[in-house]
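The values are calculated or read from the model by the stated rules, or taken from the named source; none is laboratory data. Small disclaimer: the values here were computed from a predicted structure and weren't measured. A quick note on method: Cβ atoms are made from the backbone with ideal geometry, for glycine too, and the neighbour counts reach across all protein chains shown. The protein model used for the area step is the full one, side chains on, heavy atoms only, and it has no ligands, DNA or RNA in it. Shrake-Rupley method; radii C 1.70, N 1.55, O 1.52, S 1.80 Å.
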Amino acid sequence: MIAAKHDHPTNAQKFTDNEPRAHWHDQAIWFVRSKRDKAAWTLPEWELLRERASQIKTHMLSNLAGYLEQFEAEATRRGAVVHWAKDAAEHNEIVLSLLQKHGVKKVVKSKSMLTEECHLNPFLERHGLEVVDTDLGEWIVQLLHEPPSHIVMPAIHIKREEVGELFHEHLGTEKGATDPPYLVNAARVELRQKFLGAEAGITGVNFAIAETGGFVVCTNEGNCDLGVSLPKLHIACMGMEKIIPRAADLSVFLRLLARSATGQPITTYSSHFHGPMEGGELHIVIVDNGRSKILGTPEFRRSLHCIRCGACMNTCPVYRRSGGHSYETTVPGPIGSILAPSRDPAQHSTLPYACSLCGSCSDVCPVKIDLHLQLLTWRKQIAALGLLPFDKRWGMWFAGKLFSHPRLYEFMGKVGRKLWPWLPRFMVYNGLNKWGKQRELPPMPKKSFRELYAERQKIAEKSKN
Ligand code: SF4
């Protein structure tokens, strides 16, 4: 058996060991989920919008090659240069060569999960460039040398007291300061200098429109606009599934995105880009990095509908209680637990089990991805690939034998009910019994369900006669 490199249960346990933090994290994220519900309920056409978005994405994926080519042609006509990257390494090389060609040393970046996925920051830093993430949450985790723990709220796991300490150390703010306006203002002053000194701006892309060759970046802090308005070089990095066919489709997604993400009617800034600024250059890097493989897998291709709103994370009882870092992937939560095994099932084999199968993620997903069903399908595939740990495989084999032989099942039940109460505790609660690590079995019933059922049938028969 190939050992799972990443171990979600162990990571989750580390997070839950700090009970007050785990509780606070759960509450903070649930607050955002509640805001999402209220925002969704204000729109009577909410379900229609979700259905429409899902249909647009299905259509787009079925015609992806054509729409990508149309986007390239239109974007080029508007003066942008389109690059194609088959994987993260190629993406990083393209970005680096563009920056080096322009003699850039300082870059400001607005939030982009794709550049996180490609590990662009450490790559550029290794080549002597200074990269500053300008989204406040993203900047906080960058200063902490941590990855984001959430795709929309990267520093949701960090308390303001910790931010106060961090800013005291890096920005020289007052020791013990926790006042958000004071801390935000200190960050604003520092980041303003970074914007002024930047020679290039890198952004992500929320939606790229095939019909117009334009694209939209959604932020709440305006950092994207500031980051690409001063330098002459703008590099936009996008996963190839970000394409939508027409400009008219945009309103469907913009109405869904912010409501699903943070409960806002719309993000504070929805910045539209159509070609480079006067005297500047705009480069768009379109990245595959495993997406074609997912597209070719009928069971999982709908995961490419994702618009990265984070709603499935906010509602997930496992994510809320185990924290984003426990997933050890760029995109955590339910959608991350589908995307990561698609890249490397052996490394991420525990993720599809980080799920209670409650289906809440599928209920809130604005583009109607059948998340919990895809997670279930992944479990089947992980088992078929022989990636389950030995105790689970053995347990399933034993249970399969027992359940397929009714007489044996009945016999074992009888013996078990009699014997169980007399067994010494170490024989029941030991390393093999993972279920019993945090739970106690209830007292054994005297009779089995079958016996009780038969007795009731007899009584019913008698009362009829
Ligand atoms: S899977 Fe759906 S709910 Fe989760 S981040 Fe993507 S769009 Fe949002």
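Measuring spread by the Cα atoms of region 1-124 yields a radius of gyration and Dmax of 21.5, 56 Å.
Taking only the C-alpha atoms of the chain, the Rg (one decimal) and the largest Cα-Cα distance, Dmax (whole number), read 26.1, 96 Å.
The C-alpha atoms of region 43-289 occupy a region whose extents along the principal axes are 55, 50, 31 Å, arranged from largest to smallest.
Here the spin labels are modelled as points 7 Å beyond Cα on the Cα-Cβ line, and at Leu196 and Lys175 they lie 3.0 nm apart. For the residue pairs Lys5/Lys401; Lys35/Lys57; Lys5/Lys194; Lys380/Lys414; Lys5/Lys392; Lys368/Lys437, the alpha carbons lie more than 27 Å apart in Lys5/Lys401; Lys5/Lys194; Lys380/Lys414; Lys368/Lys437. Measuring r between the beta carbons of Ala383 and Lys446 and using R0 = 51 Å, the FRET efficiency lands at 0.90.
Please give me, ordered by residue number, the GluC sites (Glu not before Pro) of region 379-465 that lie in loop per DSSP and have at most 10 other Cβ atoms within 10 Å.
Glu440
Compute the FRET efficiency between Phe31 and Arg188 as 1/(1 + (r/R0)^6), taking r as their Cβ-Cβ distance and R0 = 30 Å, and round to the nearest 0.05.
On the way: r = 25 Å, r/R0 = 0.83.
Given R0 = 30 Å and the Cβ-Cβ separation, E is 0.75.
For a modelled paramagnetic label at Leu48, 7 Å from Cα along Cα-to-Cβ, the residues of region 241-260 in reach, with backbone nitrogen under 16 Å, are 249, 251-253, 255-256.
Once R0 is set to 35 Å, what does the formula 1/(1 + (r/R0)^6) return for the Cβ-Cβ distance between Glu146 and Ile266, expressed as a FRET efficiency to the nearest 0.05?
0.75
So what is the orientation-averaged projected area of region 289-441, using the convex hull of its C-alpha atoms, in nm²?
Convex hull of Cα atoms, orientation-averaged projection: 11.0 nm².
Only Cα pairs under 8 Å and 6+ residues apart enter the sum, and on that basis the relative contact order of the chain stands at 22 percent. Here is how the number arises for the chain: DSSP H runs of 4 or more residues each give -39500 (n - 2.57), the sum is divided by the residue count, and the result at 222 nm is -16000 deg cm²/dmol. Shown in residue order for region 449-464 are the 3J(HN,Hα) couplings computed by the Karplus curve 6.51 cos²θ - 1.76 cosθ + 1.60 at θ = phi - 60°: 4, 4, 5, 4, 5, 4, 4, 5, 4, 4, 4, 5, 4, 4, 5, 6 Hz (x for Gly and Pro).
Amide H contacts of Val285 (H built 1.01 Å from N, in plane; Pro and chain starts excluded): His83, Ala236, Cys237, Met238 sit under 5 Å, all sequence-distant by 5 or more or on other chains.
Taking all protein chains together and rolling a 1.4 Å probe, His102 ends up with roughly 70 Å² accessible.
Remark on the chain: Cys118, Cys218, Cys224, Cys237, Cys306, Cys309, Cys316, Cys355, Cys358, Cys365 stand apart, with no other cysteine beta carbon under 4.7 Å. With only the Cα atoms considered, region 366-465 has a convex hull volume of 211 Å³ per residue.
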